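Notes follow once the structure below has been shown.
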Amino acid sequence: MVFVGGGLSTMLLLSELRFVLPERVAVIEPSPPLERPSVHWSYWSREQTLYDRFAIGVWRRARVGDAPPEPITPFVLRLVRSTDVFAHIAALLADTPIDWLRTSAREISRRNDDLYEISTDAGTVHARWVFDSVCDIAPTFPSQGEPRGVLSGTGLRVTADRPVFDAATATLFDPLDEQSFAYLLPLSPIEALLESASFGSDARREDRRPLLQYLQARHPKAHFTVTQAEWGAIPLGFAPPRTAGPRHILIGAKRGLVKPSAGYGVVRIARESEHLSRLWREDPLLPTGWRAPWRWRLLDKGFLLLAAQDPRLPMALLRRVMNAVPLEESLRFIDEELPPRKMAAFLPSALLAVLQRPR
């Protein structure tokens, strides 16, 4: 069994399968996760997740922009550090024999003898099973025949010289400009994580200026010190329709990740890892990819088409939708838990955003 890519999805699935793994398991990854810089993951969940025990911030109420705070029950918003999660999973895998191959994979193909061949910079590896999370290896992700987009953002952990933050309330979806939102997650009255989120056809580069200007505009008398800066980009789109064969399984974002939220993605990857491990124990004929129900797939497609047409359009859509319904219902909508009868509240706002192009 070979895992191509050694990020979160690989670590989670290895942990889930650690008692039923075959004798020989390899991970092809030039930079193991524990050697990468620590970054923050914020997410919301209704049920318990593996990440919860590592939370350095927990919020049960939030506001959208300048709106009054509101409860988000039954959801809880949390913030964790990636290195804390990876260290925990590595400890669970300490007695599991895994070969970490510090190289990059280039190609995955199926041979006539029913084995898979993985070409790497250091040579060739053969395996019966391949779990693939590397987006730029064929079949590439997002799928070539579907709309695509990119979620990108900068994160700043800041300390103020005086109390300015409401530590009990997170701020979500606060517009920075026509193409991006700010998220403010206060860890104390003087410390917070501030993140930007932008959607479009291409990733936006790391840019601290809009976030620092955002802080100064809201708290003009305070001085802020940046204690940590980070940047990231997540491809959004639909999974490739076919892989190299029935035992070439897509995982992570490559399995299909469309929702424009890193928080949604972190929880989705964990749920998919649990789902695949349950299927493996029942019958190791796993689905190679994942497809959303048709109504959600249709909405996701429309969102990505808007991003490709004009990066300002998805921002206008989210702004209208988030202001039209309670925040708890918005989170249910993103999580695909909202009943069809309640989706009617979203449609007028969505239609206005599509028909009224920003100037």
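Need the list of aspartates and glutamates near LYS301 for cross-linking: C-alpha distance under 20 angstrom, and skip anything on the same chain fewer than eight residues off. Reachable aspartates and glutamates: GLU146, ASP202, ASP310, ASP335, GLU336, GLU337. Computed on the chain, with alpha-carbon pairs under 8 angstrom and 6+ residues apart, the relative contact order is 19 percent. Computed per residue of the chain from DSSP H runs no shorter than four, each worth -39500 (n - 2.57), the mean residue ellipticity at 222 nm is -8500 deg cm²/dmol. Accessible area of VAL64 (1.4 Å probe, protein heavy atoms only, ligands and nucleic acids ignored): about 10 Å². Distant-in-sequence amide contacts of GLY232, defined by a placed amide H-H separation under 5 Å and a gap of 5 or more residues or a different chain, comprise GLY153.
Distance between the modelled labels on SER31 and TRP294, one decimal in nanometres: 4.3 nm (7 Å Cα→Cβ projection). When THR10, THR140 are compared by accessible area of protein heavy atoms, the largest-first order is THR140, THR10, using a 1.4 Å probe. If the segment from ARG61 to ASP283 were pulled out straight at 0.36 nm per residue, it would be longer than the present Cα-Cα gap by 75.7 nm. Relative to the dominant Cα principal axis of the chain, helix 262-282 is inclined by about 30°.
Among the trypsin sites (Lys or Arg not before Pro) in segment 192-241, those placed in a DSSP loop whose Cβ has at most 10 other Cβ atoms within 10 Å are ARG205, LYS221.
Taking amide hydrogens as placed 1.01 Å from N in the peptide plane, the amide H of ALA192 sits under 5 Å from those of VAL158, LEU187, each at least 5 positions away in sequence or on another chain. The HN-Hα couplings worked out from phi for segment 56-66 by the Karplus form 6.51 cos²θ - 1.76 cosθ + 1.60 (θ = phi - 60°) are 9, x, 9, 9, 10, 9, 7, 10, 9, x, 9 Hz, whole numbers, x standing for Gly and Pro.
Where (1) 21.0, 70; (2) 20.6, 63; (3) 20.3, 66 are the candidate values, the label of the one calculated here for Rg and Dmax of the Cα atoms in Å is (1). The phi torsions of segment 175-191, fed into the Karplus equation with coefficients 6.51, -1.76 and 1.60 and a -60° offset, translate into couplings of x, 8, 7, 6, 10, 8, 10, 10, 10, 10, 10, x, 8, 6, x, 10, 9 Hz, rounded to whole numbers, with Gly and Pro shown as x.
The values are calculated or read from the model by the stated rules, or taken from the named source; none is laboratory data. A quick note: this is a predicted structure, and the numbers were derived from the prediction, not measured. Here Cβ is always computed from backbone atoms with ideal geometry, including for glycine, and neighbour counts include all displayed protein chains. Remember, those area values only see protein heavy atoms, side chains included, never the ligands or the DNA or RNA. Shrake-Rupley method; radii C 1.70, N 1.55, O 1.52, S 1.80 Å.
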